[in-house]
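Here's the structure, in structure tokens; my notes come after.
The values are calculated or read from the model by the stated rules, or taken from the named source; none is laboratory data. Source: prediction; values computed, not measured. So basically every Cβ, Gly included, is an ideal-geometry build from the backbone, and we count neighbours across all protein chains shown. Accessible surface areas use protein heavy atoms only, side chains included; no ligands, DNA or RNA. Shrake-Rupley method; radii C 1.70, N 1.55, O 1.52, S 1.80 Å.
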Amino acid sequence: MTSAPFPDRDAIASKLASLDEQEKSYVALLMENVAQDESVIDGLHRHLNNAASAPFLNTLKLENLGKWIGEAAPARLQIRLMEAAKSSQHPAYMAFRTGLSRSGGLENAYPPAAI
């Protein structure tokens with residue numbers, strides 16, 4: 001039995017760039033597998049870097065990506081997603097971080113302690 005190779009960061013970045021229903025289900029399936037966490041995070045960084053260097057910045061699309069991925073990602077990825085969102089002060093990263101914060105994924109995964 002041979003396993004399928006992990007998708008590289010460019011393939012994941014292209015899926016995140018279009019993000020229609022088929023790509024959403026593909027990325028959600030990748031996020032279910034712990035072994036593919038590095039590929040997902042690397043693909044996300046690649047996509048954000050591509051968006052940051054693009055001549056036109058679509059902040060609404062990046063906010064929607066952040067909101068969707070924050071809602072779809074398992075708890076184990078929430079901190080890494082927020083770290084990726086905070087890794088730059090570029091408006092592309094800030095738009096992604098805004099959507100990620102609006103999703104409430106980090107708060108759902110790690111609720112605040114009751115005092």
Item to check | Condition met for LEU44 (at pLDDT below 95 and either on the phi < 0 side of the Ramachandran plot or touching a Leu at 6+ places or on another chain (Cβ under 8 Å) (or both)) | outcome: no
Next on the checklist: Please go through (1) open to solvent by 50 Å² or more (accessible area, probe 1.4 Å); (2) over 11 Å from the mean Cα position of the chain (by Cα) for GLU83 and return the number of the only condition it doesn't satisfy.
Outcome noted: (2)
Item to check | Options ALA35, ALA11, ALA51; residue that is at pLDDT below 95, more than 22 Å from ALA75 (Cβ to Cβ), open to solvent by less than 70 Å² (accessible area, probe 1.4 Å) and part of a helix (DSSP H, G or I) | outcome: ALA11
Item to check | Filter result (assigned to a loop (DSSP other than H, G, I, E, B) and within 13 Å of LEU48 (Cα to Cα)) within the range 74-90 | outcome: LYS86, SER87, SER88, GLN89, HIS90
Checklist entry - Residues in the range 100-108: is at least one within 17 Å of PRO7 (Cα to Cα), outside any helix (DSSP H, G or I) and more than 13 Å from the chain's Cα centre (by Cα)? => result no
Next on the checklist: Give me the residue from the range 14-27 that is under 15 Å from ASN64 (Cβ atoms) and more than 10 Å from the chain's Cα centre (by Cα) and, out of that set, modelled with the lowest pLDDT.
Outcome noted: LEU19
Checklist entry - Applying the selection to the range 54-66, what residues are part of a helix (DSSP H, G or I), farther than 14 Å from ALA13 by Cα, open to solvent by less than 80 Å² (accessible area, probe 1.4 Å) and not hydroxyl-bearing (Ser, Thr, Tyr)? => result GLU63
Checklist entry - What pairs can you find where one residue is in the range 37-60 and in contact (Cβ under 8 Å) with a residue 24 or more places away in the chain, the other is surrounded by 15 or more Cβ atoms within 10 Å (Cβ to Cβ) and charged (D, E, K, R), and their Cβ atoms are less than 6 Å apart, with a gap of 6+ or different chains? => result ILE41/ARG80; ASP42/ARG9; GLY43/ARG9; ARG46/ARG9
